[in-house]
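Asker: Shown below is the structure under consideration.
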Amino acid sequence: MSIVTYEFRRGTYLLSANDLRTKLFESLWDIPEGISYNAYLLIDDRTVLVDGFKGMYADLLIDKVKELLGGRRLDYYIVHHGEPDHSGSFPYVVKEFPEVRVLTTDVGLKILRNLYDVSFNYDVVSDGYELKIGGRTLKFIHAPWLHWPDTYVTYLVEDKVLFSCDAFGSYGLLTAGYWDRDYGDIHMSLSKRYFANIVARYRGQVIKAIDKLSKYEVNVIAPAHGPLIGDVGSAIRRYLSWSKPVFDSKVVIIYSSMYGNLEEAIKYVVKGVEEVRAKAVLMKVPDTAITYVFEELLDAPSIALGVPTYDGNVFPYIKLVTHLMTTKMLDGRHIGIVSSGLWAPVVEAKLIKDLEEVKAVIEGKVSILGRAKESDKEKLIALGRSLGIKALELSSTPT
Ligand code: FEO
């Protein structure tokens, strides 16, 4: 396997490893499209490595860095963020270049020491600190919680390049350099899904970071996953719209169905949603992987949850969805519940309890015993209508 190498500014190289071996990112999110890990190498009077790869690709990174350095030493190693999708190569790099000075934050240092049993030289970078590397200057800007508390980003002042680490990243493999020039909008969904899965919990910090960075003129965003971004204005608008979020006029209907009865009932909810001309997005779990479910949930004002009873409790995959809604802080959504059981309809109250932490507005609920009866059908259609109307209202409300 080789890595993608692209000198996109004089003396500034993108080095990217394409990973198709990892099936679940963070052991949780399906990535059939793969993912890229981007490092960057700056060659000036001083030499600087920015970020790295997952550990299994460390040799590729080191070989390429040595080749491009052509016998020169590596002076600095910027570690923006300690998550092992970037820092897995860290212990190999510091062993290969023992003289390198690692640039990290206080929290980053703690994370690196907890992850790796290796000694290294380091400097803790303060917010706003500038480092001259020859004709060019690096400015370090703390951006905590994008995506962990250790995170900072680096602005290459003279070339107006922002090395943004996880922020503005994207799933998918890299074959060329720029999102806008080389990919068109292919990366739109991949980037939105990455945001929804990985960054969404930190929406407030995204808005703060974008505000903090607004005083810098940026011509290129160089993220740690996915293509370079030349159309910086569009990227920022996208991130802000996902962070606020700006709602779509849709009802996302997430359900499980063991024997088809609940699936049949859900069709009446869809009917109600479509009657008021809102969009119904059907997602059966686990048939549909949660990575896609959370991409849809990011901008969904209204949600219907179809939940069977399982061992006297909420069906496990719906439990996973509500648990992740809590961790991703998808607060204040309008939710309709369709629950099913056969002899004891206990699951509705349990699901409502699970939704307490996300401050869900319960728009309505229908409890079914076995198959939906005629009397249930009108209630299901009415629930769909009411969720659809709410979606239309909230999607047209300016944020
Ligand atoms: Fe791509 Fe939070 O690591």
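Asker: Take segment 74-90 and flag every residue that is part of a loop (DSSP other than H, G, I, E, B) and acidic (Asp, Glu).
Answerer: If the condition is that a residue be part of a loop (DSSP other than H, G, I, E, B) and acidic (Asp, Glu), then Asp75, Glu83 are the ones that fit.
Asker: In addition: Restricting the search to segment 150-201, which residues are more than 12 Å from the ligand (Cβ to nearest atom) and among the charged types (D, E, K, R)?
Answerer: Glu158, Asp159, Lys160, Asp180, Arg181, Asp182, Asp185, Lys192, Arg193
Asker: May I pose another question? Taking only segment 117-147 into account, find how many residues are in a loop (DSSP other than H, G, I, E, B) and crowded, with 18+ Cβ neighbours inside 10 Å. Write out each step before concluding.
Answerer: From segment 117-147, those in a loop (DSSP other than H, G, I, E, B) are 117-120, 125-129, 133-136, 143-147; that's our starting set.
Among the residues that remain, those that are also crowded, with 18+ Cβ neighbours inside 10 Å are: 120, 125, 133, 136, 143, 146-147.
Residues meeting the conditions: 7.
Asker: If you go through segment 118-149, how many residues are within 16 Å of the ligand (Cβ to nearest atom) and among the polar types (S, T, N, Q)?
Answerer: Looking only at that region, the number is 0.
Asker: For segment 54-83, enumerate the residues that are in contact (Cβ under 8 Å) with a residue 40 or more places away in the chain and closer than 30 Å to Lys328 by Cα.
Answerer: Of everything in segment 54-83, those that are in contact (Cβ under 8 Å) with a residue 40 or more places away in the chain and closer than 30 Å to Lys328 by Cα turn out to be Tyr57, Ile78, His80, His81, Gly82, Glu83.
Asker: Given (1) of a type in the set (A, V, I, L, M, F, W, C); (2) within 14 Å of the ligand (Cβ to nearest atom); (3) assigned to a helix (DSSP H, G or I), identify the lone condition not met by Leu68.
Answerer: (2)
Asker: Considering only residues that are among the β-branched types (Val, Ile, Thr) and either without any contact (Cβ under 8 Å) to a residue 40 or more places away in the chain or surrounded by fewer than 13 Cβ atoms within 10 Å (Cβ to Cβ) (or both), which ones fall in segment 336-362?
Answerer: Narrowing segment 336-362 to residues among the β-branched types (Val, Ile, Thr): 337-338, 346-347, 352, 358, 361-362.
Correct list: Ile337, Val346, Ile352, Val358, Val361, Ile362.
Asker: State yes or no: is Val218 part of a loop (DSSP other than H, G, I, E, B) and either away from the ligand (no atom under 16 Å from the Cβ) or modelled with pLDDT of 95 or more (or both)?
Answerer: yes
Asker: Please give the number of the condition Val107 fails out of (1) hydrophobic (A, V, I, L, M, F, W, C); (2) away from the ligand (no atom under 16 Å from the Cβ); (3) more than 27 Å from Asp63 (Cβ to Cβ).
Answerer: (2)
Asker: So, one more: Can we say Lys250 is under 21 Å from His81 (Cα atoms), more than 16 Å from the ligand (Cβ to nearest atom) and not β-branched (Val, Ile, Thr)?
Answerer: Values: under 21 Å from His81 (Cα atoms): no; more than 16 Å from the ligand (Cβ to nearest atom): yes; not β-branched (Val, Ile, Thr): yes.
No, not satisfied.
Asker: Does Ser27 qualify as being more than 16 Å from the ligand (Cβ to nearest atom) and not aromatic (Phe, Trp, Tyr)? Steps first, answer last, please.
Answerer: Working: more than 16 Å from the ligand (Cβ to nearest atom): no; not aromatic (Phe, Trp, Tyr): yes.
Here the answer is no, as Ser27 does not meet what is asked.
The values are calculated or read from the model by the stated rules, or taken from the named source; none is laboratory data. If you're wondering where the values come from, they're calculated on a predicted model, not measured in any experiment. Using ideal geometry, Cβ is built from the backbone for each residue, glycine included, and neighbour counts are taken over all protein chains shown.
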